[in-house]
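A short write-up of the structure that comes next.
The values are calculated or read from the model by the stated rules, or taken from the named source; none is laboratory data. Remember, it's a predicted structure, so these values are computed and weren't measured experimentally. Glycine also receives a Cβ, built like all others from the backbone with ideal geometry; neighbour counts cover every protein chain displayed. With ligands, DNA and RNA removed, areas are computed over all heavy atoms of the protein, side chains included. Shrake-Rupley method; radii C 1.70, N 1.55, O 1.52, S 1.80 Å.
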Amino acid sequence: MRGGGFLTDFVGCESAGWAGTATITSRWRLAGLPENHATLSRITILLNSGVINYSFDFQPGDYPELGEWFPVNTALIFGSAGTASDVQLRVLETSPIDQVTDGATTVFVAFELQNFDGTPGCNARGRVALAVQ
């Protein structure tokens, strides 16, 4: 699934340089869908200044409930490559895996990230529109 949207509602991110609205391009590779890994999902967010990749491992059917926080492995490439710890994600509206399983080819996803880029206390909200590619 590919698409784009924006990140907003940055809280506690000023020291890391995040504020206002950041436009993004995004790719979501949801586990269990044809041609994707059986259990590993990956979300890539491309920003003007770099790239963040989030991944998480759940058996299909065992995804967290809407609004439930869960940890994600985070890799970043800005000035250099690195990883971030203690990052968590939660989907706020409509599960993309459920929508695609039900036959949707386009989805809208609203989500939040805690410790968004690995900066403790830096939280952000995202909204993306995606289409199955």
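Identify the single condition in (1) touching a residue at least 24 places away in the same chain (Cβ under 8 Å); (2) surrounded by fewer than 17 Cβ atoms within 10 Å (Cβ to Cβ) that Tyr63 does not satisfy, given that it satisfies every other one. Here Tyr63 meets the rest and fails (2).
Looking at the stretch 61-70, is at least one residue hydroxyl-bearing (Ser, Thr, Tyr) and in a strand (DSSP E or B)? No, that holds for no residue. When the stretch 2-46 is filtered for residues that are surrounded by 16 or more Cβ atoms within 10 Å (Cβ to Cβ), on the phi < 0 side of the Ramachandran plot and assigned to a loop (DSSP other than H, G, I, E, B), the ones remaining, listed by number, are Cys13, Trp18, Leu30, Ala31, Leu33. Residues that are over 15 Å from the mean Cα position of the chain (by Cα) and at pLDDT below 90 within the stretch 59-83 comprise Gln59, Pro60, Gly61, Asp62, Glu65, Gly79, listed in sequence order. Of all residue pairs spaced 6 or more apart or on separate chains, those with beta-carbon atoms under 6 Å, a first member in the stretch 101-129 that is touching a residue at least 60 places away in the same chain (Cβ under 8 Å) and a second member that is outside any loop (DSSP other than H, G, I, E, B) and among the aromatic types (Phe, Trp, Tyr) are Ala124/Phe10; Gly126/Phe111; Ala129/Phe108. Scanning the stretch 113-133 for residues that are part of a strand (DSSP E or B) and either modelled with pLDDT of 95 or more or open to solvent by 30 Å² or more (accessible area, probe 1.4 Å) (or both) yields Leu113, Gln114, Asn123, Ala124, Arg125, Gly126, Arg127, Val128, Ala129. Counting just the residues of the stretch 20-41 that are modelled with pLDDT of 95 or more and not β-branched (Val, Ile, Thr), which one comes out farthest from Pro120 (Cα to Cα)? Filtering the stretch 20-41 for residues that are modelled with pLDDT of 95 or more and not β-branched (Val, Ile, Thr), the one farthest from Pro120 (Cα to Cα) comes out as Arg27. Looking across the stretch 79-112 at every residue that is in a loop (DSSP other than H, G, I, E, B), among the small types (Gly, Ala, Ser) and open to solvent by less than 60 Å² (accessible area, probe 1.4 Å), the one that is nearest to Asn53 (Cα to Cα) is identified as Ser95.
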